[in-house]
Amino acid sequence: MAEHDKFMQRAIELAARGLGQTSPNPAVGALVVQAGGIVGEGWHEYAGGPHAEVNALRAAGQAAYGGTLYVSLEPCNTQGRTPPCTDAIVKAGINRVIIGTLDPNPAVSGRGVLALRAAGVTVDEGPLAAEAAQLNEAYNKYIVSGLPFVTLKTAMSLDGRIATKTGSSRWITGEPARAKAHGIRSINDAVLTGIGTVLADDPRLDVRLDGYTGHQPVRIVVDGKGRIPASALVIQGAPKQTTIIATTDLMSLDASQKLSEAGAEIMVVPRHGDRIDLQRLLRELGQRGLVSIMVEGGAALTTAFITEGLVDKYVFFVAPKLIGGTAALGFYGGVGVEDIEDARGLRFDTCENIGDDIMIEAYPLEP
């Protein structure tokens, strides 16, 4: 079992290289083992390209015959932009396939396993199943619900403030934490913020890492009244990157025209009062094929996402600083709860030092 875990861990590590590049497909890693040694490795590198199994089999060549294939996700048995991976596995003469987890897609789940077994290939399931599933947590939600997976990221002081009473917030956290946040942007399909953040900070919302040439997320600004200037960096900063202004019928025709001429896409969403219906917005974005969204906003936007139960994962960057003051901004506002039993519960998943700061990943508890 220890050997199975070792090889599956390697498959998961390979799969992680494709995060952010394969959407709307899952990230998958695979390797071929003969006589206890790896003879070929591969991962799904980009949407529309060869799948992980095919890349691993090609790397192994003739050495794949009679070997064992470890793959982090169940091999596909359907014809899409690429042929079924089950066919390639059988043709290569693989004797045994060990998968991390089944594909949650209701249309295909289990069929890859059945096809391989029908062809005489031994299939075992389950080594590091939880780890393999978590790697594709965004895909797992999207493929079943049609809704994007929402990660809410915030940088705050130890006393939970995201800005001082004057609005000063650059920089609460250090450079290593900010670089880590850019890495998280790179594995999400889109980055979403609110109009308040745009007017206050004029962010670009792109990935800026030394030497990075990969995927740039779609940029989304929630702006119910069309207050964003056409000169905003989120529109002008990266011409190859799509910018969506999520607005309502309260945006004027003149504002809509100016923003469109500047290159932004206008998405009109139903509203509650003068605020955008965030649940409807997420469904619209899911229909656009956006599997994962990273929310980076101010107190009003983050509070709305939390209050409406729309957050799937939290990433907190906590700096060893105390800001204080009743007028300083916290990341979660609203009216608050009266009884501690009604507080929103979270499950801490990871906690690590990032430079002088701490990064905490957490998930909401089921209500």
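The values are calculated or read from the model by the stated rules, or taken from the named source; none is laboratory data. Remember, it's a predicted structure, so these values are computed and weren't measured experimentally. With ideal geometry, Cβ positions are generated from the backbone for all residues, glycine too; neighbour counts draw on all protein chains shown. All accessible areas refer to the heavy atoms of the entire protein, side chains included, with ligands and DNA or RNA removed. Shrake-Rupley method; radii C 1.70, N 1.55, O 1.52, S 1.80 Å.
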From highest to lowest solvent-accessible area (probe 1.4 Å; ligands, DNA and RNA excluded), THR213, THR350 read THR213, THR350
Please report the spacing between the Cα centers of the stretch 296-367 and the stretch 203-221 in Å, no decimals. 24 Å
Report the calculated FRET efficiency for GLN134 and LYS225 (r = Cβ-Cβ distance, R0 = 51 Å), to the nearest 0.05. 0.85
Loop-located trypsin sites (Lys or Arg not before Pro) in the stretch 148-194, at most 10 other Cβ atoms within 10 Å (DSSP): ARG170
Report the accessible area of ARG280, computed with a 1.4 Å probe over the heavy atoms of all protein chains in place, in Å² rounded to the nearest 10. 110 Å²
State the antiparallel share, in %, of DSSP beta bridges confined to the chain, rounding to the nearest 5. 45 percent
List, in the order given, every pair from LYS6/LYS180; LYS6/LYS153; LYS141/LYS180; LYS91/LYS141; LYS153/LYS180 whose Cα-Cα distance in the structure shown is over 21 Å. LYS6/LYS180; LYS6/LYS153; LYS141/LYS180; LYS91/LYS141
Tell me whether the stretch 215-356 comes out rounded, prolate or oblate; compute the Cα gyration tensor, take square roots of the eigenvalues as a ≥ b ≥ c, and use a/c under 1.5 as the rounded threshold. prolate
Ignoring ligands and nucleic acids, ASP189 exposes an accessible area, probe 1.4 Å, in Å² to the nearest 10, of 10 Å²
With a 1.4 Å probe and all protein chains kept in place, how do THR242, THR82 rank by accessible area, largest first? THR242, THR82
In the stretch 327-361, which GluC sites (Glu not before Pro) are in a loop and have at most 10 other Cβ atoms within 10 Å, using DSSP for the loop call? GLU338
With an 8 Å Cα cut-off and a minimum separation of 6 or more residues, compute the relative contact order for the chain in percent. 16 percent
Label point distance in nm, ARG96-GLU352, each placed 7 Å from Cα along Cα→Cβ: 3.2 nm
Fully extended contour minus Cα-Cα distance, from LEU253 to ASP124, at 0.36 nm per residue: 40.6 nm
When a/c reaches 1.5 or more, the comparison of a/b and b/c decides; with that in mind, is the stretch 15-68 rounded, prolate or oblate per its Cα gyration tensor? prolate
Over the Cα atoms of the chain, what radius of gyration and what Dmax do you get, in Å? 22.7, 69
For LEU346, residues with placed amide H under 5 Å, excluding near neighbours: LEU365
